[in-house]
Amino acid sequence: VGSTSQPTSHPTSQAESAQVNAADRARQQRGTLLDRVPERGVLRVCTTGDYRPFSHRDPKSGAYTGIDIKMAGDLAKSLDAKPKYVPTTWATLVDDLAAGRCDVGMGGVSVTLARARKASFSEPYLTDGKTPIVRCEDKDKYRTLEEIDQPGVRVVVNPGGTNEQFARAHIKQATLTVHPDNTTIFDEIIAGRADVMMTDASETRYQSAIHPELCAVHPDEPFSFSEKAYVLPRGDVQFKEYVDQWVHLATHDGTYKKYEDEWMKR
Ligand SMILES: O=C(O)C(=O)C[C@]1(C(=O)O)C=C[C@@H](O)C=C1
């Protein structure tokens, strides 16, 4: 507890920069999303759908639910539009946004400097950080990174996001396994195929509430500091100013808190 993760540098390749710059120019020529979204009547939202309580896609119906899905609905409505969810992954979310496949990225996204090179972020709406989630009988065994990073300890991680970045930076002795599906990863710990996952404190609170076998380890004192925000296209200043004002209001007038409480009661 107390050690912080250092931001890793992810140099953007020249080809990637050229692509992002071309997308920036094309977007600027089309004008601000603050006008285009109401004209279109549609707000295109990139979301992974694999991260409760923020963004969950029902595998049968395809319907999206979650705190950030509620927020997306409100943001769209405030712009006289309907939300349209564009499926993405943690590894591709920011590139999808930068390439213009959606207008905003939502669903428990952490602000990172690597992402901020390719996209803008709204004002943050939540403070979070990585913390362990384990079988309850192990909750006094894995309190520090030192206790977790021991030979024989099996750490599991989902791919493509800040969890993987954090695990790769801190796990040297323990066995690190990448589990491809974030919707079933907690079953790996319950079934005893893995011992520890380190993920956002908000997720450990939610998953330990719905799985009595699982305990969040010191979620109020996570190993790292991060902030959740919405991802926006680079250079669309009018749209960013609008979304910032909207986030500010929603996080101060009780709207965000209401959605969070609804989800945490499940
Ligand atoms: O990459 C991010 O921004 C996230 O915070 C998402 C992330 C991750 O770090 O992989 C966090 C928790 C969920 O389990 C899934 C994805």
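The values are calculated or read from the model by the stated rules, or taken from the named source; none is laboratory data. All of these numbers come straight from a predicted model, not from anything done at the bench. All Cβ positions, glycine included, derive from the backbone under ideal geometry; neighbour counts span all protein chains shown. What goes into the accessible areas is simple: the full protein's heavy atoms, side chains included, and nothing from ligands, DNA or RNA. Shrake-Rupley method; radii C 1.70, N 1.55, O 1.52, S 1.80 Å.
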Requested in this report: Name the residues whose placed amide hydrogens come within less than 5 Å of the amide hydrogen of V42, ignoring near sequence neighbours (fewer than 5 apart) on the same chain.
Outcome: K82
Report summary line: Quick calc, the chain, dipole around Cα centre from Cβ unit charges on Lys, Arg (+) and Asp, Glu (-), nearest 20 debye, gives 740 debye
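For D244, D58, what's the largest-to-smallest order of accessible area, 1.4 Å probe?
These residues rank, largest area first, as D58, D244.
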Report task. Go ahead and estimate [θ] at 222 nm for the chain from helices alone: -39,500 (n - 2.57) per DSSP H run with n ≥ 4, summed, over the residue count, rounded to 500. Result -> -11000 deg cm²/dmol
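Tell me, what % of the accessible area of segment 130-216 is carbon and sulfur with a 1.4 angstrom probe?
48 percent
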Query raised in the report: Cα gyration tensor of segment 102-151, axes a ≥ b ≥ c as square roots of the eigenvalues: rounded (a/c below 1.5), prolate (a/b > b/c) or oblate?
Result: prolate
Report task. Output the pairs from K118/K240; K84/K130; K77/K258 with a Cα-Cα distance over 22 Å in this structure; if there are none, say none. Result -> K84/K130
Query raised in the report: Taking amide hydrogens as modeled 1.01 Å from N in the peptide plane, which residues meet the under 5 Å criterion relative to V153, leaving out close sequence neighbours?
Result: T175
Query raised in the report: To the nearest 10 degrees, how steep is helix 255-264 against the longest Cα principal axis of the chain, on a 0 to 90 scale?
Result: 30 degrees
Query raised in the report: Once a ≥ b ≥ c are taken as the square roots of the eigenvalues of the Cα gyration tensor of segment 8-142, is the result rounded (a/c under 1.5), prolate (a/b larger than b/c) or oblate (a/b not larger than b/c)?
Result: oblate
Query raised in the report: What's the angle, to the nearest 10 degrees (0 to 90), between helix 67-78's Cα axis and the longest principal axis of the chain?
Result: 10 degrees
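Solvent-accessible area per residue for the chain at a 1.4 Å probe radius, Å²?
Using a 1.4 Å probe on heavy atoms only, each residue of the chain averages 47 Å².
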Requested in this report: Give the angle, between 0 and 90 degrees and rounded to the nearest 10, that separates the Cα long axis of helix 14-30 from the longest principal axis of the Cα atoms of the chain.
Outcome: 40 degrees
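Given Cα positions, please report Rg to Rh for segment 131-214, the hydrodynamic radius being the Kirkwood one.
Rg/Rh: 0.91.
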Report summary line: At 20 °C in a medium of viscosity 1.002 mPa s, segment 119-266 has a Stokes-Einstein diffusion coefficient, with Rh taken as the Kirkwood radius over alpha carbon pairs, in µm² per second, of 129 µm²/s
Report summary line: For the chain, the charge dipole (Cβ of Lys, Arg +1; Cβ of Asp, Glu -1; about the Cα centre) points to a positive end, and the Cα of H56, L97, V156 closest to that extreme belongs to L97
Query raised in the report: Considering the Cα trace of the chain, what is its radius of gyration and what is Dmax, both in angstroms?
Result: 18.8, 58
